[in-house]
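What follows is a single structure, written as structure tokens, with notes after it.
Derivation of every value follows stated rules applied to the coordinates shown; laboratory data play no part. The shown structure was predicted, so the numbers you read here are calculated from the model rather than taken from an experiment. Don't worry about glycine lacking a Cβ; one is built from the backbone with ideal geometry, like all the others, and counts go over all protein chains shown.
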Amino acid sequence: MLLTFLAPGDAKAAFDTGSIDAWSIWSPYSGAALAQGARVVADGADYLSGYAFDAANATTAVSKQAILKDFLQRETRALDWARAHPDAYAAVLARETGLPLTIALFHAKHLPMARVPVDATVKAEEHDVVAQFRKAGALAGNRPLDDAYLPLDQGTNNAR
């Protein structure tokens, strides 16, 4: 078995033409692949937390905290709006990305997007993910994971 890392657009093209047999994928690409007849052979539910994180380099994380806080607040409002208005969000997503509306709608209705506090539960799950990557030899180094979190707006229930 040969594993090849491709950008999402390249991977989609390779999958669509049969140049690759399988694709490790996420939404909205999964919706497009399923709509074209692909089948799920495995999912990451037992392996990955499903969390997504906003990241900033170390310099920016320290020097531009006010801007980052503002961004996170705006992003939270956008995510809240997307969840409350999946049809309108799908229309915007389709227009901005060129995705077919049906695929954008699948994404909007099946991807739970919400901010959660980076609490002990989230950190424990991410520690498990890092341990799995290290065990597989896909992650070198031993930086303490707790050093990676910047508590910008942890005081709100919607923060992440």
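Between Leu2 and His127, what is 0.36 nm times their sequence separation minus the Cα-Cα distance? Round to one decimal in nm.
42.2 nm
Can you work out the PRE-style zone for Asp21? Point 7 Å along Cα to Cβ, and I want the residues of the range 35-76 with backbone N under 15 Å.
Of the residues in the range 35-76, 39, 41-42 have backbone N under 15 Å from the label point off Asp21.
Return the Rg/Rh ratio of the range 1-87 with Cα-based radii and a Kirkwood Rh.
Using only Cα positions, Rg/Rh for the range 1-87 is 1.08.
What percent do you get for the relative contact order of the range 58-148 when only Cα pairs under 8 Å and 6+ apart count?
So the answer I get is 21 percent.
Give me, ordered by chain and number, the residues 5 or more places off Tyr149 or on other chains with an amide H under 5 Å from its own placed amide H.
HN-HN under 5 Å from Tyr149: empty list.
Pick out which of Ala140, Ala114, Ala94 has the largest mean-square fluctuation in a Gaussian network model of the chain, springs linking Cα atoms closer than 10 Å.
Ala140
Calculate one ³J(HN,Hα) per residue across the range 49-55 by plugging θ = phi - 60° into the Karplus curve 6.51 cos²θ - 1.76 cosθ + 1.60, and present them in order as whole Hz with x for glycine and proline.
So the Karplus estimates, Gly and Pro as x, are 6, x, 6, 10, 10, 8, 10 Hz.
Quick one: Debye curve from the alpha-carbon atoms of the range 58-148 only, equal weights, vacuum; give me log10 I(q)/I(0) at q = 0.11, 0.17 Å⁻¹ to two decimals.
Ignoring solvent entirely, the Cα scatterers give -0.53, -0.97.
Near Thr102, within a Cβ-to-Cβ distance under 13 Å, what is the net charge of the other residues, with Lys and Arg +1 and Asp and Glu -1?
Taking every Cβ under 13 Å from that of Thr102, the sum is 0.
Kirkwood Rh over Cα pairs of the chain into Stokes-Einstein at 25 °C, 0.890 mPa s: D in µm²/s?
135
Order these by the 10 Å Cβ neighbour count, fewest first: His107, His85.
Starting with the residue having the fewest Cβ neighbours, the order is His85, His107.
Counting only helical runs of four or more DSSP H residues, what would the 222 nm mean residue ellipticity of the chain come to if each run contributes -39,500 (n - 2.57) and the total is spread over all its residues?
After summing the helix terms and dividing by residue count, I get -15500 deg cm²/dmol.
Suppose a student asked you for the relative contact order of the chain, using Cα pairs under 8 Å spaced at least 6 residues apart; what percent would you report?
Here the relative contact order equals 24 percent.
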